[in-house]
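Q: A single structure is presented below for examination.
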Amino acid sequence: MNDRRQFLKGAAVVAGATALAACGKEDAQTSGGNSAQQQTFEWKMVTSWPKNFPGLGTGANNFADLLEKMSGGRIKVKVYGAKELVGPFEVFDAVSRGTAQLGHGGSYFWSGKVPISPFFTSVPFGMNAQEMNAWMYQGGGLELWQEAYEPFGLMPFPIGNTGVQMGGWFNKEINSLDDFKGLKMRIPGMAGEVLRRLGGTPVTLPGGELFQALQSGTIDATEWVGPYNDLAFGFHKAAKYYYAPGWHEPGSTMEAIVNKEAFESLPADLQEIVKAATRVANMDMLADYTASNQRALEDLVNKHGVELRTFPDDLLIELKRVSEDVLREAGEKDAFSKKVYDSFMSFRANVMKWHSVSEEAFYRARNL
């Protein structure tokens, strides 16, 4: 019911803003054009993604378009791809200091500044997209996320989800834990620590550098997102084996980060429009990935001869055991981290009970 009320509230705000924009010219003639409703805002948005990259980059473009249309042209956003204005891992700082008013990325990229931040994107064996949205909008996750970013003058919002990701691209078969020993793999967030504890070497690289690193042997393996994005980067030309499932990122929530001072400079109706636009963009990106991944996977397997593999069950069991240790230790670092950890794990436990008799039960029945 709360979600419905928020949606209706957002829809009403959008309708009101559109009406205001439509009569803006007339109002300007009668009032001198000085009202808050006639003021326009030109914002910059920096992203962690290559310009126009499928799913992630186009999701940023979609959000910018939504803001302009929903505001009746009162908010205009110029989108910068990674390295056009700042580097992919500099988005957080750029928005915090006001170089740009908006950022588009993933919160686990900023774990050096906010150690508990991976919980707001995705953690190993965490929650899927549907569950993450429920935690964010109904379970207190968004409020905790905003509390985490408050000291940096930032306001985060969910702005999309990739769904369950793939396990990654490898230049050798992965049949046991021994195959992780000595493995140099690009893998972010807490999953990187899991790999390290199993004898591997986690590497952090932005998306645009992965193909060359994999092809040259700088890394032995990489995860990125899933077929939709992996096909676009051409990873099939640099690695033979494609593994599932994405144990490390079961539902990666992307983020819009808004400079708080810039947000508070907006009239009240535009503030609500920004919030509403993040929700629409959040839904749009997940739909894009859900529709596009299977088409891309068929191309990878049928046209490019990719060998699709699944991780062995005994390996997944050990990955889960180590992951639970890593997550628990992250939640023990300070009082706020414990608050986030407790909220996340409690919500996950409860939603797993429901999904065991709903989503999971239906999938089993559908596959009979």
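Each reported figure results from applying straightforward, stated rules to the coordinates on display, with no laboratory input. As the structure is a prediction and not an experimental result, all values here were calculated from the model. Note that each Cβ is placed from the backbone with ideal geometry, even for glycine, and that neighbours are counted across all protein chains shown.
Q: Tally Lys/Arg at +1 and Asp/Glu at -1 over every other residue whose Cβ is under 9 Å from the Cβ of residue 160; what's the total?
A: -3
Q: I'd like the GluC sites (Glu not before Pro) in the range 47-120 restricted to DSSP loop residues with at most 16 other Cβ atoms within 10 Å, sorted by number.
A: Answer by residue number: 84.
Q: Considering only DSSP beta bridges whose two residues both sit in the chain, what percent are antiparallel, to the nearest 5?
A: 45 percent
Q: Sticking with this structure for a sec: Can you tell me the dipole magnitude for the chain around its Cα centre, using point charges on the Cβ only (Lys, Arg +1; Asp, Glu -1), in Debye to the nearest 20?
A: The dipole of the chain has a size of about 280 debye.
Q: For the range 171-324, what are the per-bin percents of Cα-Cα distances with bins 5 Å wide, up to the bin holding the maximum?
A: That works out to 2, 8, 15, 18, 17, 14, 10, 7, 5, 4, 2, 0, in percent per bin.
Q: In this model, which of 184/237; 44/240; 260/338; 69/339 are farther than 28 Å apart at the alpha-carbon?
A: Beyond 28 Å between Cα atoms: 44/240; 69/339.
Q: Still on this structure, please answer the following. Using Cα pairs under 8 angstrom and six or more residues apart, how large is the relative contact order of the chain, in percent?
A: Dividing the mean separation by the residue count of the chain yields 22 percent.
Q: Run the dipole for the range 180-220 about the Cα centre, Lys and Arg Cβ at +1, Asp and Glu Cβ at -1, nothing else charged, and hand back the magnitude in debye, nearest 20.
A: I would put it at about 160 debye.
Q: If you filter the range 332-368 for GluC sites (Glu not before Pro), then keep DSSP loop positions with at most 12 other Cβ within 10 Å, what is left?
A: Sparse-neighbourhood loop GluC sites (Glu not before Pro): 332.
Q: For the chain, just the Cα atoms, rotate onto the principal axes and tell me the three extents in Å, largest first.
A: Principal extents (largest minus smallest coordinate, Cα): 75, 44, 41 Å.
Q: What percent does the relative contact order of the range 78-154 come to when contacts are Cα pairs within less than 8 Å and at least six residues apart?
A: Relative contact order comes out at 23 percent.
Q: Follow-up. Would you list which aspartates and glutamates come within 12 Å of residue 172, measuring only between C-alpha atoms, while excluding same-chain residues fewer than 8 positions from it?
A: Within reach: 220, 307.
Q: Compare the Cα positions of 287, 343, 262 along the charge dipole of the range 231-368 (+1 at Cβ of Lys, Arg; -1 at Cβ of Asp, Glu; about the Cα centre) and return the one farthest towards the positive end.
A: 287
Q: Taking every eigenvalue of the Cα gyration tensor of the range 73-204, multiplying by 5 and rooting it, what semi-axes result, largest first, whole Å?
A: Three semi-axes, in Å: 30, 18, 14.
Q: Among 304, 355, which comes first, second and so on when ranked by fewest other beta-carbon atoms within 10 Å?
A: Result, fewest neighbours first: 304, 355.
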